[in-house]
Every structure is written in structure tokens, then in C-alpha cells.
Amino acid sequence: MRRSAARPVIIDCDPGHDDALALVLAAGDPGVRLLGVSTVAGNQTLDKTTRNALRILALAGVTDVPVAAGCDRPLVGELTVAADIHGASGLDGPDLDVPVAEVADVHGVELMRRLIVGAAEPVTLIATGPLTNVGLLLRRHPEVVPGVRRVVFMGGSTDRGNTTPYGEFNIVTDPEAADIVLRSGLPTTMIGLNVTHRALATTEIIAEFRGLGTPLGAVCAELMTYFAGTYRRVFGFAHPPVHDPIAVAAVIDPALVRTVAAPVAVELAGTYTRGATVVDLHGRTGREAAVDVAVGLEVDAFWRLLMAAVRTAGGAAR
Ligand code: BDR
Ligand code: CA
């Protein structure tokens, strides 16, 4: 398997059960170097997603990475959180009563700007929540563009949605921000539901997390057990899909995710389809194939990568 050298990354997230696994993967895998974390309102309000990011990083033993709170609402309109999926805290399930680091005294968008302009090499932005912070960064600070290697975001779908019939949560929450990112001209990878729905945290996977024998492994097991309950109740899924860590995995080992270049637009107006990603897989529109759209996933290799990272970040069994 071909792995890239450690790439500098910033994770912009809204933890969120699957965002938590994305942070753990970045914390535990040597293929990426986490420069900073910015948080955004999405799965829950900004205060909660920020606290959750700090809690997960503390559990993963990451204490030297700045975490800054970003936007507390979408660029346009009001915030609608996903408490039906992630609970009142945004990370319901495990007891996460751990001492946490201080949140950085800077806005999340400004943290991203500083980290990008100060980096020795171009930085990969991994976004696992609504694209509000990333959109604002590109709009307000276009000077960062040469310092961004690629934007890899979890969001959208080549098929149908999960928040509206055609809209996926991260894009529906802030369609205007997604539109800015998709029109930015930056190399962009879209990790949509069409792929993330293949990575299911089965009973065996949850048992494997628990079997690691570490506090972090136990927390991952409890997070996925809660997630399994909401996905069963809301969507009728037998097992919950873990969306967000696939965006991190695609940076660590691009061979895990098969992509095709295609034009992607966001529906900003539709009566029933606002926030839908319109992916032209067959080149029918004549628009530029500007986005690398994920269409395949090496599922077993993905789980091996994630499990190894949970083992590493969680330390030895005690
Ligand atoms: C996305 O929405 C959130 O609920 C998840 O954290 C993921 O980022 C999936 O649609
Ligand atoms: Ca998320």
C-alpha cells in the first residue's frame, strides 16, 4: 500500500460522533501532521462542538494542537443542529468527563489563516462539518489560496441526501459556504454519502474498538453504540455509517478512495432541493470537471487504518 509522507493538515469540524473518529484518526496515524483544529456550528451549537473537539483530543493524548472556535451559524439563515443524530451534547453516549485544554484565543478562521501562511509547505484542509469556516476563509483571505494544497470535505452525495431527500447535512446546513468552496478553483475532493454509507460500524467493529482495552477504544465503542441507535431509529440502518474519518483516510492513503473528476454544483434555490450537490458524472453539462468526487472505498483497509490509529492514539492497554 502506498502511503504519503506526513502531510500537514487542519481539520475543520463539528463533533459529532464521526467527527470524533476523524480527529482520532488524525491523532493516531503518522501519515498526517495535525497543525490545528477549527470548530463550526453544525451537529450541535458552536460551544458544544468546540468542547467536544477538546474532549476527544484530550482522550487521544493531543495537547499541543491549537483548537479555535469558528462560526456559530451558517453564512445565510439560521442554524439547525442534528440533535436527533448526535444527541443534546453532540457526543451523547460515553462519559466524556475529561480535563480539557484551553480553547485558543482566536477565531477559527483566523487560526486557519495563520497556520496556512506560516506553514513551510502547502496545507491540506479537511472539513467534516458545514463549510462555513472554510468558505469565509476563502472569501476574506484569498491570499491563503497558494498555501492550500487541497480541500477534502465530507459532504454531499452523488445519490440522495440524509437531511432532505437530495441534501446531505453538511451542505444543507450552509449551501452558500459550500458554493464558495466549490467555485474556489482549489483542488477539491468530495467525500459524499454515496461512499460513506459503505463504512458501517458493525457489531464486530464496535467489539474490536472495545477489545483494544484502552479508554479511547471504549469511548469509540460507546460512541458507535449510540450512533447505531440513532441511525437505526431515524434511517432504519442496521449499522451506522462513519462519514467523517473517510475524509482523513483519503489524505493519509489516497488509494483507499477511488475518485472521478466531475463538475459539482450546489443547489442554492430549489423549492425542495436547496443544498443538494448536483454531480455531473457523465459530463452532460459541459461544465469543468473541477472536483474529485469519491465513488469507491476500500472498506476493510479503511477500518484497519482507523483501528490502528485508535490503538496508537489510545496508548497501550492498561
Ligand atoms: C455529516 O453530517 C454530520 O451529522 C456528520 O458528522 C457528517 O459530517 C453526514 O451527513
Ligand atoms: Ca461532521
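Details
- Computed [θ] at 222 nm, helices only, for the chain once each DSSP H run of length n ≥ 4 contributes -39500 (n - 2.57): -11000 deg cm²/dmol
- Kyte-Doolittle at least -0.5, axis length at least 24 Å by Cα - qualifying DSSP helices, the chain: 215-235
- Between region 134-165 and region 217-279, the alpha-carbon center distance in angstrom: 14 Å
- Estimated inter-spin distance, ALA119 and ARG33, nm [label 7 Å along Cα→Cβ]: 1.0 nm
- Those GluC sites (Glu not before Pro) in region 239-299 that DSSP places in a loop and that have at most 15 other beta carbons within 10 Å: GLU288
- Taking Lys and Arg as +1 and Asp and Glu as -1, the other residues whose beta-carbon sits under 13 Å from that of PRO74 total -4.
- Ranked by how many other beta carbons lie within 10 Å on average, peptides 308-314, 33-39, 182-188 from highest: 33-39, 308-314, 182-188
- Loop-located chymotrypsin sites (Phe, Trp or Tyr not before Pro) across region 208-310 with a Cβ neighbour count of 13 or fewer within 10 Å are TYR272, with loop assigned by DSSP.
- Per residue accessible area in Å² of the chain, where ligands, DNA and RNA are left out and the probe is 1.4 Å: 40 Å²
- Estimated FRET transfer efficiency when R0 is 41 angstrom, pair ALA269-THR63 (beta carbons, to 0.05): 0.35
- Total formal charge among the other residues, if their Cβ is under 13 angstrom from that of GLU121, Lys/Arg +1 and Asp/Glu -1: +4
- Neighbours of LEU25 by Cβ distance under 12 Å: Lys/Arg scored +1, Asp/Glu scored -1, total -3.
- Share of alpha-carbon pairs per 20 Å distance bin for region 7-313, given as whole %: 38, 59, 3
- Contour excess over end-to-end distance, with Cα ends at ARG183 and VAL234 and 0.36 nm allotted per residue: 15.1 nm
- Coil-residue GluC sites (Glu not before Pro) of region 41-132, DSSP, other Cβ within 10 Å capped at 11: GLU78, GLU102
- Note on region 7-313: dipole from Cβ charges, positive end direction compared against THR173, THR49, LEU256; the farthest Cα belongs to LEU256.
The values are calculated or read from the model by the stated rules, or taken from the named source; none is laboratory data. These numbers come from a predicted model, not from an experiment. All Cβ positions, glycine included, derive from the backbone under ideal geometry; neighbour counts span all protein chains shown. The protein model used for the area step is the full one, side chains on, heavy atoms only, and it has no ligands, DNA or RNA in it. Shrake-Rupley method; radii C 1.70, N 1.55, O 1.52, S 1.80 Å.
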